[in-house]
1. What distance in nm lies between label points placed 7 Å from Cα along the C-beta direction at residue 331 and residue 107?
2. If each DSSP helix of 4+ residues adds -39,500 (n - 2.57) and the sum is divided by the residues in the chain, what number results at 222 nm, nearest 500 deg cm²/dmol?
3. Want the number for residue 60 to residue 23: 0.36 nm per residue separation, take away the alpha-carbon distance, what's left?
4. What fraction of the DSSP beta bridges in the chain is antiparallel, stated in percent and rounded to the nearest 5?
5. Going by the alpha-carbon gyration tensor, a ≥ b ≥ c the square roots of its eigenvalues, is region 309-365 rounded (a/c under 1.5) or, if a/c is not under 1.5, prolate (a/b greater than b/c) versus oblate?
6. For the pair residue 100/residue 46, report the inter-label distance in nm, with labels modelled 7 Å from Cα in the Cβ direction.
7. If packing is taken as the mean number of other Cβ atoms within 10 Å per residue, what is the order of 218-231, 89-102, 111-124, highest first?
8. How would you classify region 39-131 from its alpha-carbon gyration tensor, with a ≥ b ≥ c the square roots of the eigenvalues: rounded for a/c under 1.5, else prolate if a/b is greater than b/c, otherwise oblate?
């Protein structure tokens, strides 16, 4: 890249949040930590029981349950049998594809939108209950280690890193992202923020980004950022909906499922986030992937990495994943996938987010 490389780019996937070390914000907090689940854990009986009761979620997810039973042929009650292995990302992706092909604003389209909002509400409720009054010790350590030129691409919907970056004395990465985004305004991002500062980017959306459900409302094409993370999580545990200040309709969290046909080019906000991510990767000095396995269905993420990291090699790419263990069941497939993605090589010495001090030392060397 001609000597323009700046900073380390950290990419965090679901494995990072699932392997996080959660701790209470208040010393008196006694609730047993429940880490955010992987995609296949959102409907499991064990999780739903820990977060309240299956009956509560059956009431909240009436339309989702009917939709899944129809399209997946699941006969068991929520939390039983195949529900324990059902991927929430797969269900959300299916609904997104329905919305793409059903006549816009027809009765069926509105029904699918209601199912989508119900699913996003479930994501919000589960992650909210898992992380309310908690912080991630590993996320805090990573946030504290960042230089002004380092960036984070977080593919997780939770707010563990948001909380840490917004609570920093000078949250350059978060503020830089918001200034680059220029929400609601077309045009290029300010060069001084794009080149001089690291950014915090969430290509799959975030639980504190809210968008209006009314397609005619200006807020439907942008989003509102809620900065008070614990307030946002408290609200997420509640079944009530946030209402748009502009038109009064329901607001829902801006979530982008990892599917092959993401509507990136049709959504200016999301497209801009992906464009910023590509720029940061193209000029990264080092790349660290933590708990990110890159699903084969996520072609956009594969394109992003394949097209933006050709200047990096084994000495500048660190892949942190449990599947680096030769004895892991997924080792062979995972290693092959990474070799396809990074043909110039990568370092696979580390396996978990808990090795954060070694990760930071590698990135700083």
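Values quoted throughout were computed directly from the atomic coordinates according to the rules given, and no laboratory measurement underlies them. Predicted model only: the values in this text are computed from it and were never measured. Note that we place each Cβ from the backbone using ideal geometry, even for glycine, and neighbour counts take in every protein chain shown.
1. In this crude spin-label approximation the distance works out to 5.7 nm.
2. Values: 15 runs with 154 residues, N = 365.
-12500 deg cm²/dmol, from helical runs alone.
3. Numbers: separation 37, 0.36 × 37 = 13.32 nm, distance 2.84 nm.
Computed gain between residue 60 and residue 23 is 10.5 nm.
4. Antiparallel bridges: around 40 percent, rounded to the nearest 5.
5. Working: a/c = 2.96, a/b = 1.09, b/c = 2.72.
The shape class here is oblate.
6. Each label point lies 7 Å from its Cα, and together they span 3.4 nm.
7. Details: 218-231: 16.5, 89-102: 18.0, 111-124: 20.2.
Put in order of decreasing packing, that is 111-124, 89-102, 218-231.
8. On the way: a/c = 2.04, a/b = 1.62, b/c = 1.25.
The shape class here is prolate.
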